[in-house]
Amino acid sequence: MQIRAGFEITYDCPQPTPMLLLLSVRPERMPDVIGAHEIRFAPATGATHYRDAFGNTCTRILAPAGRTTMRAEFLVRDPGTPDAVVPEARQIPVQDLPDEVLIYLLGSRYCDTDRLSDMAWSLFGGTPEGWARVQAICDYVHARISFGYEHADATRTAFGGHAERRGVCRDFAHLAVTLCRCMNIPARYCTGYLGDIGVPPVASPMDFSAWFEVYLGGHWHTFDARHNTPRIGRILMARGRDATDVAITTTFGPCTLSGFRVITEEVAPQPAPAWQPLPPDDGPAAVPDRPGGAGLVAGPLSGDRGRPLG
């Protein structure tokens, strides 16, 4: 099948503002992209790219004073198969884990393992190791947290999400990742596109999504504590320790988010779409009355240095 995906994000900056963007599809999914995959800027803005320590494609720009819109739209081939379920995947003892996997056992900015370790062992210490234990964690997180865009909080950690029992998909992923790490299961945070493909559509604005991966049986496997069921059509953008590593934008100066739109939908097979010019500027685009679920979106941004979005 083919999936149409893309975004349009607009900032208003009172002065030239450096920005770091993680808005590209992960390199391993690029062979599935039909035609060009390019972030366009209006006004035209010079951009440079690099690969970070987690293998994500990062884009650097200096947004000029005034309004800057970043936009992309592309098609992706997808096999249409749901997330794999591998109940026989076993947990690997810590001493036998590959060196590069060990970092995903450690606490991080939003995954405060030190505050949840005792609780994790009391809840899941008696569950079978491996796939069944991760699924038990997903079941717990899915039932524990109530989803709502109005519940987003850019500073909420896994401990806070557990205590408050509410959040967006970022909070589901952070809590599940943290509980897995507490149980010595390597887990990493993922962000990308996930449309309502193969499930009843939800009457809400499309958004980026967050899920997580665990290392079992020598391979990484996808889990999603928010939806808690295998899904179709994930398009991975970035992986990291938590949302800090994969914020869709990080701004280094005062600016205001004035437009945010995401597209993810299945389409009939067709050629790659031709790029169209951005519409005339008729004033600020409508900003959804909720933060993006995948990362650190917290509504309009102003005055903070190094403030991440999504």
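Taking each residue of segment 225-236 that is closer than 13 Å to Ile137 by Cα and among the small types (Gly, Ala, Ser) and looking for partners that are in a loop (DSSP other than H, G, I, E, B) and at pLDDT below 95 with beta-carbon atoms closer than 6 Å, six or more apart or interchain, yields nothing.
Evaluated against (1) surrounded by 16 or more Cβ atoms within 10 Å (Cβ to Cβ); (2) over 30 Å from Val25 (Cβ atoms), Arg90 falls short on exactly one condition, (1). Quick check on my filter: what residues within segment 187-220 are closer than 19 Å to Ala152 by Cβ, surrounded by fewer than 22 Cβ atoms within 10 Å (Cβ to Cβ) and among the β-branched types (Val, Ile, Thr)? Correct list: Val202 only.
For segment 167-179, give me the residue count where each residue is of a type in the set (D, E, K, R) and either modelled with pLDDT under 95 or not in a helix (DSSP H, G or I) (or both). Qualifying residue count, segment 167-179: 0.
Scanning segment 169-194 for residues that are more than 17 Å from Thr244 (Cα to Cα) and free of Cβ contacts under 8 Å to residues at least 40 places away in the same chain yields a total of 0. Of the strands (runs of 3 or more DSSP E) entirely within segment 181-227, those holding at least 1 residues that are within 15 Å of Ile263 (Cβ to Cβ) occupy 187-193, 208-216.
Just to be sure, is Tyr11 in contact with a Cys (Cβ under 7 Å, 6 or more places away or on another chain), free of Cβ contacts under 8 Å to residues at least 60 places away in the same chain and either outside any strand (DSSP E or B) or not polar (S, T, N, Q) (or both)? Answer is no for this residue. Looking only at residues in segment 163-186 that are among the basic types (Lys, Arg) and crowded, with 24+ Cβ neighbours inside 10 Å, the one that is farthest from Val25 (Cα to Cα) is Arg181.
One line per residue, one yes/no per condition, for (1) under 22 Å from Gly218 (Cβ atoms); (2) modelled with pLDDT under 95; (3) in contact with a helix residue (DSSP H, G or I) (Cβ under 6 Å, 6 or more places away or on another chain); (4) hydroxyl-bearing (Ser, Thr, Tyr):
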{"position": "Asp118", "(1), (2), (3), (4)": "no, no, no, no"}
{"position": "Leu123", "(1), (2), (3), (4)": "no, no, no, no"}
{"position": "Gln135", "(1), (2), (3), (4)": "yes, no, no, no"}
{"position": "Arg181", "(1), (2), (3), (4)": "yes, no, yes, no"}
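In summary, His37 fulfils each of the numbered conditions (1) of a type outside the set (A, V, I, L, M, F, W, C); (2) modelled with pLDDT of 95 or more; (3) touching a Ser or Thr at 6+ places or on another chain (Cβ under 8 Å) with the single exception of condition (2). When Pro16, Pro31, Pro27 are screened for being over 22 Å from the mean Cα position of the chain (by Cα) and either surrounded by fewer than 16 Cβ atoms within 10 Å (Cβ to Cβ) or under 22 Å from Arg67 (Cβ atoms) (or both), only Pro16 passes. Residues considered: Phe54, Phe41, Phe74. Of these, the only one that is more than 19 Å from the chain's Cα centre (by Cα) and buried (at least 16 other Cβ atoms within 10 Å of the Cβ) is Phe41.
Across segment 114-136, what is the total count of residues that are within 23 Å of the chain's Cα centre (by Cα) and surrounded by fewer than 20 Cβ atoms within 10 Å (Cβ to Cβ)? So the count comes out to 2.
The values are calculated or read from the model by the stated rules, or taken from the named source; none is laboratory data. Owing to the predicted nature of the structure, the values given are computational and were not obtained by experimental measurement. Glycine gets a Cβ as well: all are built from the backbone with ideal geometry, and neighbour counts include every protein chain shown.
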